[in-house]
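Student: Sharing a structure, written as structure tokens. Questions coming.
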Amino acid sequence: MAANIFIDNAKVMSKGQVTIPKDIREILGVTSDDRITFIVEGNTVRIVNSAAYAMELLQKEMSGETVRTGLISDDDIMAFVKELRKEHN
């Protein structure tokens, strides 16, 4: 098995509830009251940290926007922020 694969199992209770094993929670970085997302791909289900997944989706959505807007360097961004501040003062 590949080094990045971790396998564990849990029992499904009568109401469909499952306790996520501690090792899995630690790998996902989730604690009590955090949210998880279930991603179903065919007959496979991935469980991911909802916050991390949302950030991943945002990053994919924003991919290429810097080139489109011309904000490529730190200097470009700083100039843009300064211009915005002038407009709002």
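The values are calculated or read from the model by the stated rules, or taken from the named source; none is laboratory data. Since the model is a prediction, treat every value here as computed from it, not as a measurement. Counting neighbours? That spans all protein chains shown, and the Cβs are built from the backbone with ideal geometry, glycine included.
Student: Give the residue, chosen from VAL12, VAL45, that is part of a loop (DSSP other than H, G, I, E, B) and loosely packed, with under 11 Cβ neighbours inside 10 Å.
Tutor: The conditions single out VAL12.
Yes or no, residue by residue, for (1) touching a residue at least 12 places away in the same chain (Cβ under 8 Å); (2) among the acidic types (Asp, Glu):
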{"position": "ASN49", "(1), (2)": "yes, no"}
{"position": "ALA52", "(1), (2)": "yes, no"}
{"position": "MET55", "(1), (2)": "no, no"}
{"position": "LYS60", "(1), (2)": "no, no"}
{"position": "THR69", "(1), (2)": "no, no"}
{"position": "ASP75", "(1), (2)": "no, yes"}
{"position": "MET78", "(1), (2)": "no, no"}
{"position": "LEU84", "(1), (2)": "no, no"}
{"position": "GLU87", "(1), (2)": "no, yes"}
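Student: What residue, among those in region 49-86 that are surrounded by 11 or more Cβ atoms within 10 Å (Cβ to Cβ) and of a type in the set (Asp, Glu), is modelled with the highest pLDDT?
Tutor: Only one residue tops the list, namely GLU56.
Student: Any residue in region 18-32 that is acidic (Asp, Glu) and either surrounded by fewer than 10 Cβ atoms within 10 Å (Cβ to Cβ) or in a loop (DSSP other than H, G, I, E, B) (or both)? Lay out the reasoning, then the answer.
Tutor: If we filter region 18-32 for residues that are acidic (Asp, Glu), which is where we start, we get 23, 26.
Right, trim to either surrounded by fewer than 10 Cβ atoms within 10 Å (Cβ to Cβ) or in a loop (DSSP other than H, G, I, E, B) (or both) and you get none.
Looking for residues that are acidic (Asp, Glu) and either surrounded by fewer than 10 Cβ atoms within 10 Å (Cβ to Cβ) or in a loop (DSSP other than H, G, I, E, B) (or both), one finds none in region 18-32, hence no.
Student: What number of residues within region 48-89 satisfy the criterion of being in a helix (DSSP H, G or I) and within 30 Å of THR31 (Cβ to Cβ)?
Tutor: Residues that pass the stated criteria total 13.
Student: Based on what the data block shows, is VAL81 aliphatic (A, V, I, L, M) and touching a strand residue (DSSP E or B) at 6+ places or on another chain (Cβ under 6 Å)?
Tutor: The answer is no for VAL81.
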